[in-house]
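**Q** Okay, here's the structure, questions in a sec.
The values are calculated or read from the model by the stated rules, or taken from the named source; none is laboratory data. All values reported here derive from a predicted model rather than from experimental measurement. As a convention, Cβ positions derive from the backbone with ideal geometry for all residues, glycine included, and neighbour counts pool all protein chains shown. We work out accessible area using only protein heavy atoms, side chains counted, and drop any ligands, DNA or RNA first. Shrake-Rupley method; radii C 1.70, N 1.55, O 1.52, S 1.80 Å.
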Amino acid sequence: MSQQRQIGVTVLPEYLQYEGVETVLDNLMKRAGVTAVSTSPYVMQLADEQTGVREPPADAGAGQVRLLDRPLWEGKRELWVKTSPSFVPDESLYSGLRYQPAKADELTHSAGHVVAEFIEAAHERGLEVYFQVQAAIPPGYRVQFGGPVEEDIPRLPDGSLPRRRVANNGSLASPHIIAYQHALIRDLLSQYPEIDGLRFDWPEYPPYFLDSAFFDFSDHARQAADRLGYNFEQMQSDSQALYQKFNGGLTNYDLENWLSEENQAANFPLWLNDHYPGASEMLLMKAQLSKELLAGFRNTMDDCGKAGVELAPSAFPPPWSILSGMNYSLAAKYCNSVSVKLYGMHWSMMLRSYGDQILAANPGLSETLLVRALFKFLDITDWAHPTRLADVSYPGPDQPHIAGPLAQERKILAARKLARPMPIYALAHGYGPTEDFRTRMQVATDISPDGVWINRYCYLNDDKLDIIGQCAVGCNT
């Protein structure tokens, strides 16, 4: 990694195909002033609703309001697509594994070269180039495509499968998921030896829904608990009791108690450890599983002779990182950096999904108290917040995000404190109105001395690219 403060943008291959490599690089360098880019090892083509998936992602329905700022084929801001790998996988690396890479096909052979051309052209311009791949969603090239078989899906404390998910991650304890990821790393570093780093997305248990915060009680997790010295039965029993507490046993007294500044019991982690110690252990084990996943990635990269290739995952900010298992202190032992997601549209979506489930499961619970508690614990805004869940929703393309600048700063500062001396990058999101993006980009620049990443090019109209450039000039002077 260069000593210059890093300004990176994720640009996925469909724009290399549609706009052209040189046009994309001109936009990113001349307008946005980037020092780094990230792409992924696939290529894309149009499909229909029966054979493809929506672009941009629908985020379990909530994100259906999202539209692309930079249109794709036929000038579309919403379309259905399918993908193919940009390379011909080395099948010998995956021999005998449960998960296999996607097959190279006609699109691979006709368009896959664009990814290698992008890497070469970006390097010629002095940019660092990374791959963004999935940490636990085989085949791992793109978030909407792929996922685990039933045996490798994380389980709830009662052993059941989750009903709804945004992130189709497999269990971080699954040896089948891990073995595939190691094979993928070897394949990518062989196919694209000039890549500067791997940006793994979601090396954790993404807590988009309340149920997801209670993962993982799969058989794989049971075996990991035995190996790591955790009492799986107590973790399972206490986590199930806590799950039932939130789904039928929560009272206004509980909320008032947690909201009371005078009461030490308002410290939720202490309350959790006092009343449900097994659930606290479950959170600790998730952190161990995430750490082991990242350590395995690093060891595999080193074993490939690529010790100089960066391991640079992206992850949830505090306090969600406690639920997801992303322990920044542990990650710092194996990673070159971590990008902390400041995705305001997801913050409101998650708060709303938690609130809807809790309110429906606990008749008589005060909605006002519940909303106050959720805003306090998740710490996502600096301003007066709504008192009704109906007023909290996934913002449309022309609606500002609910995230406040000080709340974003607190999250980055908390991550930096835990991660020292590892760099922490603010990962801003391009989705949303231009002026709101300007505010959020400036905040990300101000609070992140190591650098800033922006996800992703498809939401960056020319005005937003200019805003990145203006912030980049300011942060490097």
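**Q** Rounded to whole Å and ordered largest first, report the semi-axes of the equivalent ellipsoid of segment 122-224 derived from its Cα gyration tensor (root of 5λ).
**A** Sorted largest first and rounded, they come to 30, 14, 10 Å.
**Q** Solvent-accessible area per residue for segment 8-63 at a 1.4 Å probe radius, Å²?
**A** Result: 30 Å² of accessible area for each residue.
**Q** Sort 113, 123, 346 by accessible area with a 1.4 Å probe, largest first.
**A** 113, 123, 346
**Q** Which of the following values of Cα extents along the principal axes in Å was calculated from the structure shown: (1) 61, 51, 47; (2) 131, 47, 39; (3) 76, 61, 50?
**A** Label (1) holds the value from this structure.
**Q** Let me ask another. Before I look further, what does segment 333-398 give for accessible area per residue, probe 1.4 Å, in whole square angstrom?
**A** Averaged over the residues of segment 333-398, the accessible area is 38 Å².
**Q** Let me ask something additional. Before anything else, pin down the relative contact order of the chain: Cα pairs under 8 Å, at least 6 apart, normalised by residue count, whole percent.
**A** Averaging sequence separation for qualifying contacts and normalising by length gives 17 percent for the chain.
**Q** Once you wrap a convex hull around the alpha carbon atoms of segment 250-344, what is its projected area averaged over all directions, in nm²?
**A** 7.8
**Q** Here's something else I'd like to know. Quick one: Karplus J couplings for segment 174-179, per residue in order, coefficients 6.51, -1.76, 1.60, θ = phi - 60°, nearest Hz, x for Gly and Pro?
**A** Along segment 174-179, the couplings run 6, x, 6, 4, 5, 4 Hz.
**Q** On the protein heavy atoms, probe 1.4 angstrom, tell me the percent of accessible surface of the chain carried by carbon and sulfur.
**A** Working: 8780 of 18000 Å².
Ligands and nucleic acids excluded, carbon and sulfur give 49 percent.
**Q** Sort 224-230, 6-12 for me by packing, meaning the mean count of neighbouring Cβ atoms within 10 Å per residue, highest on top.
**A** 6-12, 224-230
**Q** Please sort 44-51, 317-324, 77-84 by packing, taking for each peptide the average over its residues of neighbouring beta carbons within 10 angstrom, highest first.
**A** Working: 44-51: 13.4, 317-324: 22.0, 77-84: 19.1.
For the peptides 44-51, 317-324, 77-84, the packing ranking is 317-324, 77-84, 44-51.
**Q** Which cross-chain or sequence-distant (5 or more) residues have an amide H under 5 Å from the amide H of residue 7, H modelled 1.01 Å from N in plane?
**A** Result for residue 7 returns 35, 36, 452.
**Q** Using alpha carbons only, how many degrees (0 to 90, rounded to 10) separate the axis of helix 462-475 from the longest principal axis of the chain?
**A** 80
**Q** Could you derive backbone 3J(HN,Hα) for segment 36-44 from the dihedral phi with the Karplus parameters 6.51, -1.76 and 1.60 (θ = phi - 60°), listing whole Hz in sequence and x where the residue is Gly or Pro?
**A** For segment 36-44, the Karplus curve yields 8, 9, 9, 9, 9, x, 8, 10, 10 Hz.
**Q** While we're here: List the residues, sorted by chain then number, that are 5 or more residues from residue 310 or on another chain and whose placed amide H is less than 5 Å from its amide H.
**A** Residues meeting the criterion, in which the H sits 1.01 Å from N, are 197, 198.
**Q** If I model segment 320-477 as equal point scatterers sitting on the Cα atoms and use the Debye formula, what is log10 I(q)/I(0) at q = 0.14, 0.16, 0.21 Å⁻¹?
**A** Log10 I(q)/I(0), no solvent term: -0.75, -0.94, -1.33.
**Q** Quick one: which of 245/376; 245/417; 306/464; 30/306 span more than 26 angstrom between C-alpha atoms?
**A** 245/417; 306/464; 30/306
**Q** Express the Stokes-Einstein translational diffusion coefficient of segment 23-87 in µm² s⁻¹, to the nearest whole number, given a Kirkwood radius over alpha-carbon pairs, 10 °C and a viscosity of 1.306 mPa s.
**A** The estimated diffusion coefficient comes to 116 µm²/s.
**Q** OK, next. Taking the Cα centre of the chain as the origin and placing charges on Cβ (Lys, Arg +1; Asp, Glu -1), which of 387, 357, 295 is farthest toward the positive end of the dipole?
**A** Value computed over the given set: 387.
**Q** Rounded to whole Å and sorted largest first, what semi-axes of the equivalent ellipsoid does the C-alpha gyration tensor of segment 188-271 yield via the square root of 5 times each eigenvalue?
**A** 36, 20, 13
**Q** Only Cα pairs under 8 Å and at least 6 apart count here; give the relative contact order of segment 167-269 as a rounded whole percent.
**A** 22
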